[in-house]
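Accompanying notes for the structure given below.
The values are calculated or read from the model by the stated rules, or taken from the named source; none is laboratory data. Since we're looking at a predicted model, the values are computed, not measured. Methodologically, a virtual Cβ is constructed for each residue, glycine included, from the backbone with ideal geometry; neighbour enumeration extends over all protein chains shown.
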């Protein structure tokens, strides 16, 4: 068992490519319905035509174009306001149903670092060949994103930041693993490597062919998790996303969290109504 101070507490619909196109960045590629930055030798290159990013509606995490107004900015963003399976949510034992132990199996390889500052988040593209396997289904890792503070509230705690590992498969299904990050004395070398090379100006990218990263080293040792069906947490807020939210946080250096926050500011969507959705609390064998 983890020490109490280190722990916060004791489904499928196809994704339509058109609904996710608004998440594209300049030079992006379609990724099984999920769009992310392209890099040399990057994953998933089906050659799908993408809209002009400069013509997309602008949105923000605060102000007149903040989360409360996303649904008004574009008809394609209507789900942000009307959807009843939106993310993030607050997750606690009180709302969860205990489920049989079903481990998340992370089959990750190291990848060259490709990081973009899109003005709203740090986003890392990922080389092909890394997978999440759960309940007999396989999803390829296609992108990593950082949010400050955490978007999900886990067992009553809001973490200092949240890493989201975004996966997709050829059916268009999306699975996201959320890892809470908290300040502590330990230096996480993967996060530090990302921050040492991350662009400080929105719209800029860095590709380091010889700079390796592997998110295996950003996962907690104990891998109990909450599972629920939700949505993307940024426009167009498409629903039908499988969320696996780790209950145990990963400790990272406070100076790195401060650096992360300085790059893009606060970029967490407010909590959404859970409603009558089923939440499973899953242990690991």
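Data for the structure
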| item | result |
| --- | --- |
| Number of the condition not met by residue 113 [criteria: (1) part of a strand (DSSP E or B); (2) farther than 21 Å from residue 226 by Cβ; (3) modelled with pLDDT under 95] | (3) |
| Restricting region 126-159 to residues that are within 15 Å of the chain's Cα centre (by Cα) and assigned to a loop (DSSP other than H, G, I, E, B), the residue that is surrounded by the most Cβ atoms within 10 Å (Cβ to Cβ) | 126 |
| Matching option when the condition is at pLDDT 95 or above, within 13 Å of residue 257 (Cα to Cα), surrounded by fewer than 17 Cβ atoms within 10 Å (Cβ to Cβ) and in contact with a strand residue (DSSP E or B) (Cβ under 8 Å, 6 or more places away or on another chain), among 186, 192 | 192 |
| Restricting region 255-285 to residues that are in contact with a helix residue (DSSP H, G or I) (Cβ under 7 Å, 6 or more places away or on another chain) and under 18 Å from residue 80 (Cβ atoms), the residue that is surrounded by the most Cβ atoms within 10 Å (Cβ to Cβ) | 269 |
| Tally of residues being in a helix (DSSP H, G or I), closer than 28 Å to residue 155 by Cα and at pLDDT 95 or above across region 71-99 | 4 |
| Residue in region 200-219 that is surrounded by fewer than 19 Cβ atoms within 10 Å (Cβ to Cβ), in a helix (DSSP H, G or I) and at pLDDT 95 or above present | yes |
| Extreme residue, surrounded by the most Cβ atoms within 10 Å (Cβ to Cβ), among residues of region 222-254 that are touching a helix residue (DSSP H, G or I) at 6+ places or on another chain (Cβ under 9 Å) and over 30 Å from residue 81 (Cβ atoms) | 252 |
| Of all residues making up region 250-285, the number that are at pLDDT below 95, closer than 24 Å to residue 146 by Cβ and out of contact with any strand residue (DSSP E or B) (no Cβ under 9 Å at 6 or more places or on another chain) | 1 |
